[in-house]
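Worksheet: one structure, shown below.
The values are calculated or read from the model by the stated rules, or taken from the named source; none is laboratory data. Only a predicted model underlies this, so the values are computations on that prediction, with no experimental measurement involved. Note that we place each Cβ from the backbone using ideal geometry, even for glycine, and neighbour counts take in every protein chain shown. Keep in mind that these areas ignore ligands, DNA and RNA; they rest on the heavy atoms of the full protein, side chains included. Shrake-Rupley method; radii C 1.70, N 1.55, O 1.52, S 1.80 Å.
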Amino acid sequence: MKLLVCGGAGFIGSNFVRARVSEFGDEVTVLDKLTYAGRKENLEGIDHRFVHGAIEDPASVADAIRGAEAVVNFAAETHVDRSISEPDAFVRTHSLGTFVLLEAAREHSLRYLQVSTDEVYGSIESGSFTEESPLEPSSPYSATKAGADLLVQSYSRTFDLETVICRGSNNYGPYQYPEKLIPLMILNALHGDQLPVYGDGQQVRNWLHVSDFCSGIGRVLEQGASGEVYNVGGPDECANLEVVERIIEMTGADPALLTYVTDRPGHDRRYSLSSEKIKALGWEAQHQFAQGLAETVAWYQEHAAWWEPIRSGDYRAYYERQYGKSLG
Ligand code: NAD
Ligand code: TYD
């Protein structure tokens, strides 16, 4: 396939591009704004065309979409804490950006896949969200992602655009920017920095290895029914405190580094996805959390050259603003 992958220089996008080019021989153009989270290094050694630009910029989109047969949109601001302190870019990228991409897909009659999140459903105490569950987002991140999903569905219903939406649960694995729970805790543990657990640490996340999300997205891109939503959930749920305790054990860090800090405003207590619909397409997650987490810890231990420039760059200032502490 000839794919336009937006946001392909980020964590999940770069894993997706790597898999599509090496396993499926796809021809990929990446359109990416290269925000703090997007890095060309993530795509090193992968054959692709790169267009530096924003999805909300029609000229960049017009350039990038030439020759594409389908659009896969990963481009997003993705950190809930940043959406609380600086929501502007979330509104611009998710609302205006998705609109510009949909218009371009419509002009060229291309199949369009929107990468979305379980967070659009809000929090669930017991049981799991299905694709029919109502959208009740809590943060500016999830609210703007939900808005983008609705806009995508409107283009399917109103303009007959071929669209599919994949809602993934929390991803982990190689190339994840260290602001997120798992890489933040791994790198802090390796450096002897405090391990900041929000609130009581009993919030539950449904962990999905990035390669399983990528295979799910590929499956839906090829076989998903137009106009439909597909949940892509990981096989394991785990409370944050337990995740941090496992990382302490795997890295041999001092357990006294674990520190309870002020909770996140509007913090969702639990996410859980039912993935029966995508399983009916023949998809299944291949990674159990215990094994996947151990492999991820090893990846960060072996790839200091990847994270050192991040940890010594802008991320330090972000960390200080967010946590009121300097990194060691
Ligand atoms: P990320 O923050 O690592 O990467 C986002 C990428 O998008 C970066 O390369 C960035 O430069 C690019 N980008 C941001 N704004 C842009 C714009 N306006 N125009 C062009 N490019 C832009 O994010 P990620 O974790 O890889 O997430 C990718 C997608 O998957 C997002 O849509 C996110 O909502 C969704 N998702 C993420 C998770 C998760 O756990 N990380 C789970 C489910 C769904
Ligand atoms: P995060 O990786 O930001 O993903 P999301 O909020 O999209 O689920 O956070 C995962 C969980 O970890 C969430 O419940 C918030 C919690 N958390 C901490 O306890 N401490 C931290 O420093 C971070 C970044 C997250």
Subject >> Chain lengthening between residue 23 and residue 88 when straightened (0.36 nm per residue, less Cα-Cα) >> reply: 19.7 nm
**OP:** Hand me the tally of lysine pairs in the chain: alpha carbons under 26 angstrom apart, and the pair either on different chains or 8 or more positions apart.
**Re:** 12
Subject >> Gain on full stretching of the segment that runs from residue 200 to residue 34 - 0.36 nm per residue minus C-alpha separation >> reply: 56.3 nm
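Return the FRET efficiency for the residue pair residue 261, residue 295: r is the Cβ-Cβ distance, R0 is 30 Å, and the value is rounded to the nearest 0.05.
Details: r = 28 Å, r/R0 = 0.93.
According to the calculation, E is roughly 0.60.
What is the gain in length, in nm to one decimal, between residue 254 and residue 130 on full extension, counting 0.36 nm per residue of separation less the C-alpha to C-alpha distance?
On the way: separation 124, 0.36 × 124 = 44.64 nm, distance 4.00 nm.
That pair, residue 254 and residue 130, stretches by 40.6 nm at full extension.
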Subject >> In range of the label at residue 314: residues from region 169-194 whose backbone nitrogen is under 17 Å from the point 7 Å along Cα→Cβ >> reply: 176-180
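Express the accessible area of the chain per residue in Å², computed with a 1.4 Å probe while the remaining protein chains stay in the model. Mind showing how you got there, number by number?
Details: 13250 Å² over 328 residues.
Computed with neighbouring chains in place, this is 40 Å² per residue.
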**OP:** Pop out the ³J(HN,Hα) list for region 32-48 in order, Karplus 6.51 cos²θ - 1.76 cosθ + 1.60 with θ = phi - 60°, rounded to Hz; leave Gly and Pro as x.
**Re:** 8, 7, 6, 6, 3, 8, x, 9, 4, 4, 5, 10, 4, x, 9, 6, 6
Subject >> Residues whose placed amide H lies under 5 Å from that of residue 327, excluding near-sequence neighbours >> reply: none
Subject >> Simple Cβ-charge dipole of the chain, Lys/Arg +1 and Asp/Glu -1, about Cα centre, in debye nearest 20 >> reply: 360
Subject >> For region 277-287, 3J(HN,Hα) per residue [Karplus equation, 6.51 cos²θ - 1.76 cosθ + 1.60, θ = phi - 60°, Hz, x = Gly/Pro] >> reply: 5, 6, 5, 5, 8, x, 8, 8, 5, 9, 10
Subject >> Table column - 3J(HN,Hα) (Hz), region 239-246, Karplus curve with 6.51, -1.76, 1.60, x for Gly and Pro >> reply: 6, 4, 4, 5, 4, 5, 4, 5
**OP:** Compute the FRET efficiency between residue 46 and residue 303 as 1/(1 + (r/R0)^6), taking r as their Cβ-Cβ distance and R0 = 22 Å, and round to the nearest 0.05.
**Re:** 0.85
Original post:
region 90-104 to region 3-43: how many Å between their Cα centroids?
Top reply: 18
Original post:
In the chain, what percent of the accessible surface is made up of carbon and sulfur (1.4 Å probe, ligands and nucleic acids excluded)?
Top reply: 48
**OP:** In whole angstrom, note down how far apart the Cα centers of region 61-88 and region 258-328 are.
**Re:** 20
**OP:** Please build a GNM for the chain, connecting alpha carbons under 10 Å apart, and tell me which residue among 127, 218, 234 fluctuates the most.
**Re:** 127
